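J.: Just dropping this structure here.
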Amino acid sequence: MATDGSLHGTYAADQSAAQLEQFLGDPNHPDAVSAFSRSVEEDERDDMPWPAMDALRSWGFPHFLVPQALGGRMRSFQELFSMCRTIARRDLRPGVSYGTTLLGANPVWLWGNARQQHWLASRLLAGDFGSFAMSERDHGSDLAGCQVSARRDGDRYVLNGEKWPVGNATRGAFCTVYAATGPRRFSLLLVDKQQMPTGHWYNSPSVPTVGLRGHDLSGMVFSDCSVPATALLGRPGAGIPQTLKALQITRTLIAALSLGSLDTGLRLAYTHARGRRLYGAPVTELPAVRDILVRAYLDLIIGECVSIPAVRAITEVPERLSLWSAIVKYFVPVTVERALADLNTVLSARGYLRDTVSARTFQKLHRDQAIASIFEGTTHVNLSSIAADLIFAPSGSGGDPSLLPALFNRRAELTPWIPEGRRLHLTNGGRDEIGGAWPQLAARLSSWKPVRRLDAAYHEQTARLFSIDRRGYRSMVGQTAARVHCVLHAAACVILNGTYNTGGLFTDESWMIASLDRLTQHLDPTWQISPGPLAAVEEMLIKQVEAPELFSLTPIPLAIG
Ligand SMILES: Cc1cc2nc3c(=O)[nH]c(=O)nc-3n(C[C@H](O)[C@H](O)[C@H](O)COP(=O)(O)OP(=O)(O)OC[C@H]3O[C@@H](n4cnc5c(N)ncnc54)[C@H](O)[C@@H]3O)c2cc1C
């Protein structure tokens, strides 16, 4: 860990998360601000964790959703990402409520005028929630199918139709509505719900959910609902690109929810396995159990290595987010989903019974986390988007390698966020510093067995990309190419994290070798993690459980007692 004189040696970008962690308290303790025992009770009642939500508000968390220029405390997305991990390791629901609010706010930060921005900042700083109403019952991922209309009538827009399902739709104070303002012409409108004419809109009933129980999920039905024309965000007709670009930011942050969930899932499974004795020894000594625990730890570390450069890119090189945000949004939630399913087998019957807080916490986080691969672009939508970026520029270019230190060095200071919609692009235009770094990284580390195997996959992949028809990004060949690309991208991220960071857990390269072995398993299920690195990583896992620290290469101390 960094020993820069900061809080417990924590990295600067993680300081706020470290403070929030202590404020929220030890979730195993029933009196903590955010306690597992209360969360599972609230979950049973389909109720939100209101005491924890109120505490987050009083601590000032909503200030981190508002850019500094507008009076907030949003300095960097890495800081917000770390805080979201801290929240999500206890309970995903506050993270989703605030994430949904940020989803609704980002188009305003990016394209709103000063009046809209100052109004929204005042609402968020006062603790209000908000929504982004994009989905419709009959159109889901198909944005161009949108039927909610906003007809221009003098100095007003008149809304008709239903948006569904929409998070925070009932309790939120504002809503960014995606609507058709003409034939195949879509726009975003910022709506102040207090100002909407009574009788011309209502909330459709709240929808019960498998996970995220109690999340305010309902719909908004508009019937000749007139709003001022000044509600328009940016240019009329820019709704599709604005939506796709705004999603690039929150898609990246969703990985924090997945990593926070896996942190708790792994901690619970490990604690159970260590205490469970069979055949005269803890089950952690059974190779199958040990393998699942170490793989889950590696999945978490790899997920962190993939997420952090994308999160840093939001301020450093937002032009690349179309590709990198889709990779994070596909790769991290899906990997975490699989890891949680495997960890559930370690709990065995205890994972099926509902008689302990630990078992119910695991079951809850498993259900809650499943949303991460659905909303804000499903797994397949993101794979299609990755495939499109790859197929349109199969040879790619390394872009500007001088950006790599700013993306990967976790100590490097980040540029404060100045929201600029024009810096977000719908495609990366073939520029990819991370993917483009692979050939040199592979050459440098060619003595590592998994690097040689991954490099062979890289060459097969390059040939595959040239053979795919440009319209084939939704084909299975396109989807498969995208999946393989994500594995290679993750491998490059692992090595680049190891290259640009020093000290602490970065000193010993075992985690890198084990992570590359783990990634090779995505392409070759017969591949084994090398015994030496596996033992070293197991030791990292045990040390972080005992410390206790967040499972991370740059950990923060966890609240105890
Ligand atoms: C808890 C929760 C909270 C939500 N919050 C919000 C919110 O705040 N605001 C909001 O607007 N919406 C919200 N949604 C809706 C959510 O964003 C949509 O459910 C999601 O976009 C997918 O739409 P769909 O479920 O209709 O699936 P569909 O779009 O009907 O997809 C069906 C299948 O087709 C696949 N598919 C679709 N398009 C493609 C493609 N281009 N390439 C390959 N495969 C494809 C999908 O992966 C899926 O397998 C929420 C949903 C839930 C469950």
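The values are calculated or read from the model by the stated rules, or taken from the named source; none is laboratory data. Being a predicted model, the structure only gives us computed values, none of them experimental. Counting neighbours? That spans all protein chains shown, and the Cβs are built from the backbone with ideal geometry, glycine included. We work out accessible area using only protein heavy atoms, side chains counted, and drop any ligands, DNA or RNA first. Shrake-Rupley method; radii C 1.70, N 1.55, O 1.52, S 1.80 Å.
J.: Has segment 58-66 got any residue that is farther than 21 Å from L414 by Cβ, open to solvent by 10 Å² or more (accessible area, probe 1.4 Å), more than 15 Å from the chain's Cα centre (by Cα) and away from the ligand (no atom under 16 Å from the Cβ)?
T.: So far as segment 58-66 goes, yes, one or more of its residues are farther than 21 Å from L414 by Cβ, open to solvent by 10 Å² or more (accessible area, probe 1.4 Å), more than 15 Å from the chain's Cα centre (by Cα) and away from the ligand (no atom under 16 Å from the Cβ).
J.: Continuing with this model, one more query. Listed residues R251, R235; which is more than 16 Å from V191 (Cβ to Cβ), in contact with a helix residue (DSSP H, G or I) (Cβ under 9 Å, 6 or more places away or on another chain) and within 13 Å of the ligand (Cβ to nearest atom)?
T.: R251
J.: Quick check, is L56 modelled with pLDDT of 95 or more and in contact with a Phe, Trp or Tyr (Cβ under 7 Å, 6 or more places away or on another chain)?
T.: The answer is no for L56.
J.: Tally up the residues in segment 143-163 that are surrounded by 20 or more Cβ atoms within 10 Å (Cβ to Cβ) and either near the ligand (Cβ under 10 Å from one of its atoms) or basic (K, R) (or both), please.
T.: The total comes to 1.
J.: Out of P401, P419, P450, I need the residue that is under 19 Å from C305 (Cβ atoms) and open to solvent by less than 40 Å² (accessible area, probe 1.4 Å). Which one?
T.: Testing whether each residue is under 19 Å from C305 (Cβ atoms) and open to solvent by less than 40 Å² (accessible area, probe 1.4 Å) leaves just P450.
J.: Please verify whether T243 is surrounded by fewer than 24 Cβ atoms within 10 Å (Cβ to Cβ) and either within 13 Å of the ligand (Cβ to nearest atom) or among the polar types (S, T, N, Q) (or both), treating the condition exactly as stated.
T.: For T243, the condition - surrounded by fewer than 24 Cβ atoms within 10 Å (Cβ to Cβ) and either within 13 Å of the ligand (Cβ to nearest atom) or among the polar types (S, T, N, Q) (or both) - is met.
J.: Further question: Need at least 1 residues that are touching a Lys or Arg at 6+ places or on another chain (Cβ under 9 Å), over 24 Å from G265 (Cβ atoms) and of a type in the set (A, V, I, L, M) per element, so show me which helices (runs of 4 or more DSSP H) inside segment 1-90 make the cut, counting only ones lying wholly within it.
T.: Of the helices (runs of 4 or more DSSP H) lying wholly inside segment 1-90, none has at least 1 residues that are touching a Lys or Arg at 6+ places or on another chain (Cβ under 9 Å), over 24 Å from G265 (Cβ atoms) and of a type in the set (A, V, I, L, M).
J.: Looking at segment 541-561, which of its residues are open to solvent by 30 Å² or more (accessible area, probe 1.4 Å) and among the hydrophobic types (A, V, I, L, M, F, W, C)?
T.: I542, A547, I560, listed by residue number.
J.: Read through the list (1) among the β-branched types (V, I, T); (2) closer than 25 Å to F129 by Cβ; (3) in contact (Cβ under 8 Å) with a residue 40 or more places away in the chain; (4) surrounded by fewer than 22 Cβ atoms within 10 Å (Cβ to Cβ), then give the number of the only condition that T198 fails.
T.: The failed condition is (3).
J.: Might you check whether a residue that is open to solvent by 10 Å² or more (accessible area, probe 1.4 Å), more than 16 Å from the ligand (Cβ to nearest atom) and within 21 Å of D128 (Cβ to Cβ) occurs anywhere in segment 223-230?
T.: yes
J.: Would segment 76-94 turn up any residue that is of a type in the set (G, A, S), modelled with pLDDT under 95, more than 16 Å from the ligand (Cβ to nearest atom) and surrounded by fewer than 24 Cβ atoms within 10 Å (Cβ to Cβ)?
T.: The answer is yes, given that some residue of segment 76-94 is of a type in the set (G, A, S), modelled with pLDDT under 95, more than 16 Å from the ligand (Cβ to nearest atom) and surrounded by fewer than 24 Cβ atoms within 10 Å (Cβ to Cβ).
J.: Yes or no: A173 among the hydrophobic types (A, V, I, L, M, F, W, C) and away from the ligand (no atom under 15 Å from the Cβ)?
T.: Spelling it out, it is not the case that A173 is among the hydrophobic types (A, V, I, L, M, F, W, C) and away from the ligand (no atom under 15 Å from the Cβ).
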